[in-house]
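To start, the structure under review is shown below, and the notes come after it.
The values are calculated or read from the model by the stated rules, or taken from the named source; none is laboratory data. Everything numeric in this text was worked out from a predicted model, so none of it was measured. Here the Cβ positions follow ideal geometry from the backbone for every residue, glycine too, while neighbour counts run over all protein chains shown.
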Amino acid sequence: MVLGILRAALLGAAGLGLGARAALAAKPDVVIGYENNGADPYMVSQGQGLFQKDLDANVTLKYFDSGPAAMSALASNSLQFMCGLGMPPFVAALTQGLPLAIIYNQERYTSAAGIAVRPGAGINSIADLKGKKIAIVQGSQASFELATFLAQAGIPFNAVHQINMSPPEMRVAYTTKAIDAAIVWDPVFDALQAQGAKVLKTDADLPRGASSYNICIANTNWVKAHPNLTVQFIKALDEGVTYTKQNPQQALAIMAQQAGIDEKTAATELKGYEIFSAKDQGSADVMGGGASSATGKTLSATSDVLMKIGRIMTPLKDPGAAVDASFAAKAAQ
């Protein structure tokens, strides 16, 4: 009798296990790529497990140290969403015919990115960068920023000795005096200042319609086939924004842990962003209006700059088609 009860219980447990595994297997796999851009609401969504909670999918998070590194993953469809991306790698991918769109503009850089120079390097203005060694992630947002700053000062783009390296490598190169300056974003931009670097320019010096943004992009074919998952993804992002606004101290603690920094640094970095919610996406200052929005204008400006410096061979033909605020509008309802 006892053996019969035990056997029935074990069979029932096994059945439940098989059922749970079948349900898990039935869910689609979703891989979310991200960059560590320091303290921002994305880190809250990640730290609180909101993507796993809100998406009816098997969610995996994948770290990339720069935007260009993520493009091949998007091209091969092994990545469904990519966040924390700058405009240049996205524009370059669009001009190569990849079916991608911005589905959420996370934030605009103000003081969280810029040019940090080494004291004693003789750099007191943009003009002083001529002939100097500046670290840069080539093909990233930094290429657009540097080209814009140099153009404003009337300095040719190739007049500066640009050294391609990842942000973590810049910290070592700065310490060993292998570079004179670096154009980079947080947390490395903030770390270089802590090491004594002077700020020559920040992204706050760029106009809104030719600015520096962190964006979330996706394959347009995939989001059309999975609209509910896309809305759920944006809701998870938006919940991170809401939590940051309503619980600033707790949010900073989460950001610090996720970004690998202390809370004081996290507070400084967060102040360097203009954060956007799901509702904000519909504003002309963010994505509302497509090509005529600040995001659309920045895509056009980025394309123009990348053409001039030889990073792309053909201009972006339809910026408006790459700006899709429709999923954010549904998420904000």
| Quick check: is even one residue across the stretch 197-211 farther than 20 Å from A127 by Cα, polar (S, T, N, Q) and either at pLDDT below 95 or assigned by TED's automatic domain parsing to the domain that holds A301 (or both)? | yes
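For D203, are the conditions met, namely being farther than 30 Å from A325 by Cβ and either under 20 Å from the mean Cα position of the chain (by Cα) or not polar (S, T, N, Q) (or both)? So that I can check it myself, show each step before the final result.
On the way: farther than 30 Å from A325 by Cβ: no; either under 20 Å from the mean Cα position of the chain (by Cα) or not polar (S, T, N, Q) (or both): yes.
In short, no.
Residue under question is L24, and the condition is that it be modelled with pLDDT under 85, in a helix (DSSP H, G or I) and surrounded by 10 or more Cβ atoms within 10 Å (Cβ to Cβ); does it hold?
On the way: modelled with pLDDT under 85: yes; in a helix (DSSP H, G or I): yes; surrounded by 10 or more Cβ atoms within 10 Å (Cβ to Cβ): no.
Against the criterion (modelled with pLDDT under 85, in a helix (DSSP H, G or I) and surrounded by 10 or more Cβ atoms within 10 Å (Cβ to Cβ)), L24 does not qualify.
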| message | Can you report the number of residues in the stretch 87-119 which are at pLDDT 95 or above and within 16 Å of Q193 (Cβ to Cβ)? | response | 6
| request: Quick one: G114 ticks every box in (1) touching a residue at least 60 places away in the same chain (Cβ under 8 Å); (2) farther than 29 Å from T295 by Cβ; (3) out of contact with any Leu (no Cβ under 6 Å at 6 or more places or on another chain) except a single one, so which number is it? | output: (2)
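Check the stretch 118-126 and report whether any residue there is touching a Leu at 6+ places or on another chain (Cβ under 7 Å) and part of a loop (DSSP other than H, G, I, E, B).
Just the residues of the stretch 118-126 that are touching a Leu at 6+ places or on another chain (Cβ under 7 Å), to begin with: 123, 126.
Keeping just the survivors that are part of a loop (DSSP other than H, G, I, E, B) gives 123.
Yes, the stretch 118-126 contains at least one residue that is touching a Leu at 6+ places or on another chain (Cβ under 7 Å) and part of a loop (DSSP other than H, G, I, E, B).
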| request: Check off (1) polar (S, T, N, Q); (2) surrounded by fewer than 18 Cβ atoms within 10 Å (Cβ to Cβ); (3) touching a Lys or Arg at 6+ places or on another chain (Cβ under 9 Å) for S125 and give me the number that stays unchecked. | output: (3)
| request: Six or more apart or on different chains, Cβ under 9 Å: which pairs go from a residue in the stretch 157-176 that's more than 20 Å from D65 (Cα to Cα) to one that's among the basic types (K, R)? Could you list them? | output: F157/K308; A159/K130; V160/K130; V160/K132; V160/K133; H161/K132; H161/K133
| said: Considering only residues that are surrounded by 12 or more Cβ atoms within 10 Å (Cβ to Cβ) and assigned to a loop (DSSP other than H, G, I, E, B), which ones fall in the stretch 147-164? | reply: A153, I155, V160
| said: Which count do you get for residues in the stretch 167-205 that are assigned to a helix (DSSP H, G or I) and either within 20 Å of Q152 (Cβ to Cβ) or of a type in the set (D, E, K, R) (or both)? | reply: 7
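Please determine whether any residue of the stretch 49-70 is among the polar types (S, T, N, Q), over 22 Å from N164 (Cα atoms) and assigned to a loop (DSSP other than H, G, I, E, B). Let's see the steps before the verdict.
Looking only at the stretch 49-70, we keep the residues that are among the polar types (S, T, N, Q), and these are 52, 58, 60, 66.
Next, from what is left, pick out any that are over 22 Å from N164 (Cα atoms): 52, 58, 60.
From the residues that got through so far, the ones that are assigned to a loop (DSSP other than H, G, I, E, B) too are none.
Looking for residues that are among the polar types (S, T, N, Q), over 22 Å from N164 (Cα atoms) and assigned to a loop (DSSP other than H, G, I, E, B), one finds none in the stretch 49-70, hence no.
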| Selection within the stretch 205-215 - over 20 Å from S277 (Cα atoms), in contact with a strand residue (DSSP E or B) (Cβ under 9 Å, 6 or more places away or on another chain) and surrounded by fewer than 19 Cβ atoms within 10 Å (Cβ to Cβ) | D205
| said: Need the failing condition index for I215 against (1) modelled with pLDDT of 95 or more; (2) in the same structural domain as I134 (by TED's automatic domain parsing), just the number. | reply: (2)
